[in-house]
1. Identify, please: which residue in segment 58-77 is among the β-branched types (Val, Ile, Thr) and under 14 Å from residue 24 (Cβ atoms) and is, among those, farthest from the ligand (Cβ to nearest atom)?
2. So which residues in segment 63-102 are in contact (Cβ under 8 Å) with a residue 60 or more places away in the chain and either in contact with a Lys or Arg (Cβ under 8 Å, 6 or more places away or on another chain) or more than 20 Å from residue 174 (Cα to Cα) (or both), if there are any at all?
3. Six or more apart or on different chains, Cβ atoms under 9 Å: show the pairs whose first residue is in segment 18-32 and of a type in the set (D, E, K, R) and whose second is in a helix (DSSP H, G or I).
4. Out of the residues in segment 118-172 that are aromatic (Phe, Trp, Tyr) and without any contact (Cβ under 8 Å) to a residue 40 or more places away in the chain, which is farthest from the ligand (Cβ to nearest atom)?
5. Restrict the check to segment 109-129 and report whether at least one residue is of a type in the set (Ser, Thr, Tyr) and either surrounded by fewer than 17 Cβ atoms within 10 Å (Cβ to Cβ) or farther than 21 Å from residue 55 by Cβ (or both).
6. Output the residues belonging to segment 65-99 that are over 20 Å from residue 41 (Cα atoms), surrounded by 14 or more Cβ atoms within 10 Å (Cβ to Cβ) and among the β-branched types (Val, Ile, Thr).
7. Given the structure, is residue 39 within 12 Å of the ligand (Cβ to nearest atom), modelled with pLDDT of 95 or more and crowded, with 18+ Cβ neighbours inside 10 Å?
8. So is residue 166 out of contact with any strand residue (DSSP E or B) (no Cβ under 9 Å at 6 or more places or on another chain) and basic (Lys, Arg) or not?
Amino acid sequence: MLLLEPPFAFQPVDYRVRIAREEWERRGCAALRRAVFCDEQQIFHGDDADEWDRVALPIAASYCVLGAPEQVVGTVRIGEIEPGLWQGSRLAVHRDFRRVASLGTELIRHAVCSAHARGCRRFIAHVQEQNVPLFLRLAWRSLERVTLHGRPHHLMQADLAAYPPRAAEEVAFVAELRRAA
Ligand SMILES: CC(C)(COP(=O)(O)OP(=O)(O)OC[C@H]1O[C@@H](n2cnc3c(N)ncnc32)[C@H](O)[C@@H]1OP(=O)(O)O)[C@@H](O)C(=O)NCCC(=O)NCCS
């Protein structure tokens, strides 16, 4: 019998955010979306995949162990809906990693900067109402309130001046250790 609990839980600090190219990353993004948008939020039933997934670029945030990516814990997808107009959707961070390593912020940054490098002149997203303060702090503005999937959202637009073009497909960063709320 284990008499002593380990003094601390493992908390990764090394993260990588990149366009998901490998099969395990794409599967990880899809599984995380199902966990968040089907099981947790119950916006969709069974699977949240749609036509848009055929053309959109998935982005994965993974934590790394000994320098190698271990598991997808955040995702978002981006795509061009008309020339110069890009949209982001399905932003999700694993429950255990929210407010821990700024993954939501880093995913939004990589999404908009990557689109900017690909010719984006305007970047929009439908943002769930409870997340509007987060986006406002990240140089987005609300264009209008809308109801989507029966829930309150804001159609929001990023200030591209705050998101310089990023040609690199991947960014790696070391997160400050913070305790999850
Ligand atoms: C929204 C979401 C992606 C944010 O991910 P995250 O990794 O927690 O985001 P960050 O850590 O980068 O948050 C940045 C800051 O905004 C704050 N913040 C995060 N979510 C917030 C919210 N809903 N309202 C206000 N502030 C928020 C955090 O406290 C953090 O502040 P801090 O740096 O002072 O601690 C995550 O909560 C999530 O997956 N939610 C469920 C799915 C969802 O709502 N998707 C978005 C659809 S629009």
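The values are calculated or read from the model by the stated rules, or taken from the named source; none is laboratory data. Predicted, not measured: the structure shown is a model, and the values here were computed from it. Here the Cβ positions follow ideal geometry from the backbone for every residue, glycine too, while neighbour counts run over all protein chains shown.
1. 72
2. Hits for segment 63-102 are 64, 92, 99, 100, 101.
3. 18/25; 18/110
4. The selected residue is 140.
5. no
6. Answer for segment 65-99, where residues must be over 20 Å from residue 41 (Cα atoms), surrounded by 14 or more Cβ atoms within 10 Å (Cβ to Cβ) and among the β-branched types (Val, Ile, Thr): just 78.
7. So residue 39 does not fit the description; no.
8. Numbers: out of contact with any strand residue (DSSP E or B) (no Cβ under 9 Å at 6 or more places or on another chain): yes; basic (Lys, Arg): yes.
Against the criterion (out of contact with any strand residue (DSSP E or B) (no Cβ under 9 Å at 6 or more places or on another chain) and basic (Lys, Arg)), residue 166 qualifies.
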